[in-house]
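A.B. asks: Quick one: the structure is below, questions incoming.
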Amino acid sequence: MVQQCIYENAHVALDQAEYQKRYDALTQRFDKAKARLEEVTEEISQKQTQRANYKAFLKALERLLDQLPEFTLKTWHGLVDYVTVYAEDDIRFTFKNGQEVKA
């Protein structure tokens, strides 16, 4: 749309104040869309990384559980770094590999 606006200005006699107003509105709209695209792309990348980390952690945990005769409190303490309680229904376990799970 910006390119079309520029092309029209180059080929048709236009009021330059009106053209500049239209051009500025289009570039502002483009900049907002571009910024949003970057935010969403970063969010997708973070979620993909988080998912890969979760998968790797669960795979390692499954291998560990196959080797354990029973899951003990000592095993739990070996996995969990700390627990944060934000509210009665918002408890988060942070494991030693940095992963956080909301319970």
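The values are calculated or read from the model by the stated rules, or taken from the named source; none is laboratory data. Just so it is clear, the model here is predicted, and its values are computed rather than measured. Note: ideal-geometry Cβ built from the backbone for every residue, glycine included; neighbour counts use all protein chains shown.
A.B. asks: Please go through (1) surrounded by fewer than 10 Cβ atoms within 10 Å (Cβ to Cβ); (2) under 17 Å from the mean Cα position of the chain (by Cα) for E43 and return the number of the only condition it doesn't satisfy.
C.D. replies: (1)
A.B. asks: Report the residue count in the range 63-103 for those that are touching an Asp or Glu at 6+ places or on another chain (Cβ under 9 Å) and either loosely packed, with under 10 Cβ neighbours inside 10 Å or of a type in the set (V, I, T) (or both).
C.D. replies: 4
A.B. asks: Then there is this: Spot the failing condition for A13; the list is (1) over 17 Å from the mean Cα position of the chain (by Cα); (2) of a type in the set (G, A, S); (3) under 30 Å from K102 (Cβ atoms), and only one is missed.
C.D. replies: Going through the list (1) over 17 Å from the mean Cα position of the chain (by Cα); (2) of a type in the set (G, A, S); (3) under 30 Å from K102 (Cβ atoms), A13 breaks only (3).
A.B. asks: Residue under question is V83, and the condition is that it be in contact with a Phe, Trp or Tyr (Cβ under 6 Å, 6 or more places away or on another chain), among the hydrophobic types (A, V, I, L, M, F, W, C) and without any contact (Cβ under 8 Å) to a residue 40 or more places away in the chain; does it hold?
C.D. replies: yes
A.B. asks: Has the range 70-85 got at least one residue that is at pLDDT 80 or above and among the charged types (D, E, K, R)?
C.D. replies: Yes: the range 70-85 contains one or more residues that are at pLDDT 80 or above and among the charged types (D, E, K, R).
A.B. asks: Given the criterion surrounded by 10 or more Cβ atoms within 10 Å (Cβ to Cβ), at pLDDT below 75 and of a type outside the set (G, A, S), identify the matching residue among L37, L26, L14.
C.D. replies: Checking each option against the conditions leaves just L14.
A.B. asks: Looking at the range 45-75 only, could you name the residues that are more than 16 Å from V101 (Cβ to Cβ), assigned to a helix (DSSP H, G or I) and among the charged types (D, E, K, R)?
C.D. replies: Listed by number, the residues that qualify are R63, D66, K74.
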